[in-house]
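Each remark here refers to the structure printed beneath this line.
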Amino acid sequence: MEFENYFEKIFSGDPSVKSGLIEYCGREALLKYQLKYSKKRILVYGAGRIGFYTAFWLKQMGIEIDFFVDRNPAKLGEIILGNKIIDWDQLENTVNERNGVNYLCIIAVNLGEEANDIKKQLYKLGISEIFDINIGHIYDSPASGWAYEYYQAKDEFKSILNLLWDDESKETLCELIRSSLFNDFYRLKVYPSFEKYWGEGFLGDEDEKYLACIGGGIGDTVYYFLDKFSERFNKVYCFEPELWKVLERNLNVLPVEIKQKIEIIRRYVSDKVSDKETTLNEFFENRKVTLITMDIEGMELIALKGGADIIRNQMPILAISAYHKWDDLISITKFIGKISPEYKFFVRKYAALHRMDSNETVLYAVPVKRLRNGTNMHL
């Protein structure tokens, strides 16, 4: 696959990359045919989130708009999906030149009472066909909640695409973005939860295994680790300040010789030290760590900032949850890259509750010296 060309197709709204598994009925379906049969130029009033969703959805239907209209001067002249944003004065001039009856308008912004005033002004310009519809509700699914942010960050995602080390990672990133922008099912392979974090091909049996499990929860990650490596590990440091009692109880069934190698730390991992917080730099100053897993509800970047020295000096494999914030894959990848150029990046998608969900996306950062068999993680 030529990833850069495919990447551009995704962001252009090219219908050829949509799977066609999801269709909408009711008013949206009717609007599609009304627009096709009207044979008029289409303008969208509102160049924000809802306006973008509207234009992107129409593009998938094979319907192109003429331009956006927005009264925010900061947006004047911007291009969205190949369409220019103009202001009200430019709209008046354009319509006067081309005759208002040749246009129809889709109001794609939450105006409330203002909508009637906008409609009156459009009528004065000769635009009598007006559709007041919020296409944004189509994008309420788990997959598409960040579609607008993804579109705005296209250049940043492209830079991350070029940093990823293997084809599967590039394809995974493209699919995460595609499924969000097109409000579509995630179509690629997802790996089972019990494989999450262990990066086959990187962490071998012969390696020393000093695990920092940041966000131990109820113990599932620890048990997955034990299932994978049995007794072939050195130490597990499990950080869990909230559910530590449940975690402790769930680990009590383990044999003594295994349990004594697992330490529960009842503190948050952060970028500062306090009674309830620690940093990776402080905790591992005189301890060894070879693998760090992290799932702490959007605080991953902060925790990494508090561990930059340890990461730089000990070069552990990093397996970081990158789905709590829309820009996790961008911000976390860039930050680790600044810590050390020796890290290579991989992205994998693991099982989530819904096939239209970006949850359980993991960013792996692996030092060059730890790479095995080239680039593949799951061999």
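The figures follow:
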| read-out | value |
| --- | --- |
| Flag if K154 is of a type in the set (D, E, K, R) and modelled with pLDDT under 95 | no |
| Set K158, K120, K124, K170: member being over 16 Å from I42 (Cβ atoms), surrounded by fewer than 17 Cβ atoms within 10 Å (Cβ to Cβ), basic (K, R) and touching a helix residue (DSSP H, G or I) at 6+ places or on another chain (Cβ under 8 Å) | K158 |
| Selection from segment 275-316 of residues that are in contact (Cβ under 8 Å) with a residue 40 or more places away in the chain and among the hydrophobic types (A, V, I, L, M, F, W, C) | L280, F283, F284, V289, L291, I292, M294, I296, A303, M315 |
| Enumeration of residues in segment 229-244 that are farther than 17 Å from G217 by Cβ and open to solvent by 40 Å² or more (accessible area, probe 1.4 Å) | S230, E231, R232, N234, K235 |
| So G215, is it in contact with a strand residue (DSSP E or B) (Cβ under 7 Å, 6 or more places away or on another chain), open to solvent by less than 50 Å² (accessible area, probe 1.4 Å), within 20 Å of K349 (Cβ to Cβ) and touching a residue at least 12 places away in the same chain (Cβ under 8 Å) | yes |
| Failed item in (1) open to solvent by 40 Å² or more (accessible area, probe 1.4 Å); (2) within 19 Å of Y53 (Cα to Cα); (3) not in a loop (DSSP other than H, G, I, E, B); (4) not aliphatic (A, V, I, L, M), with F185 passing the rest | (3) |
| Whichever residue in segment 318-362 is among the aromatic types (F, W, Y) and within 19 Å of E149 (Cβ to Cβ) and, among such residues, is surrounded by the most Cβ atoms within 10 Å (Cβ to Cβ) | Y323 |
| Among the residues listed as I330, I311, I339, the single one being within 19 Å of C213 (Cβ to Cβ) and not polar (S, T, N, Q) | I311 |
| Among residues of segment 283-315, those that are of a type in the set (D, E, K, R) and open to solvent by less than 50 Å² (accessible area, probe 1.4 Å), counted | 2 |
| Subset tally (residues that are β-branched (V, I, T) and under 16 Å from T290 (Cα atoms)) for segment 228-273 | 2 |
| Matching residues in segment 80-117 - criterion: being in contact with an Asp or Glu (Cβ under 8 Å, 6 or more places away or on another chain), under 12 Å from V44 (Cβ atoms) and not β-branched (V, I, T) | N83, K84, Y103, L104, C105 |
| Residue check for G100: at positive phi and of a type outside the set (F, W, Y) | no |
| Residue match in segment 130-138 (condition: in contact with a Cys (Cβ under 6 Å, 6 or more places away or on another chain), assigned to a strand (DSSP E or B) and either modelled with pLDDT under 90 or more than 30 Å from I332 (Cα to Cα) (or both)) | yes |
| Residues located in segment 58-97, provided they are open to solvent by 10 Å² or more (accessible area, probe 1.4 Å) and of a type in the set (F, W, Y) | F67, W88 |
| Residues (open to solvent by less than 30 Å² (accessible area, probe 1.4 Å) and either touching a Gly at 6+ places or on another chain (Cβ under 8 Å) or more than 14 Å from E129 (Cα to Cα) (or both)) located in segment 33-49 | V44, Y45, G46, A47, G48 |
| Number of the exception - D275 against (1) in contact with a Pro (Cβ under 8 Å, 6 or more places away or on another chain); (2) open to solvent by 80 Å² or more (accessible area, probe 1.4 Å) | (1) |
| Set K272, K259: member being among the basic types (K, R), farther than 25 Å from F345 by Cβ and in contact with a Leu (Cβ under 8 Å, 6 or more places away or on another chain) | K259 |
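Okay, residues lined up against (1) touching a Leu at 6+ places or on another chain (Cβ under 6 Å); (2) of a type in the set (G, A, S):
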| residue | (1), (2) |
| --- | --- |
| K124 | no, no |
| I138 | no, no |
| S144 | no, yes |
| Y151 | no, no |
| E156 | no, no |
| L176 | no, no |
| S180 | no, yes |
| F185 | yes, no |
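The values are calculated or read from the model by the stated rules, or taken from the named source; none is laboratory data. The shown structure was predicted, so the numbers you read here are calculated from the model rather than taken from an experiment. Note that we place each Cβ from the backbone using ideal geometry, even for glycine, and neighbour counts take in every protein chain shown. Accessible surface areas use protein heavy atoms only, side chains included; no ligands, DNA or RNA. Shrake-Rupley method; radii C 1.70, N 1.55, O 1.52, S 1.80 Å.
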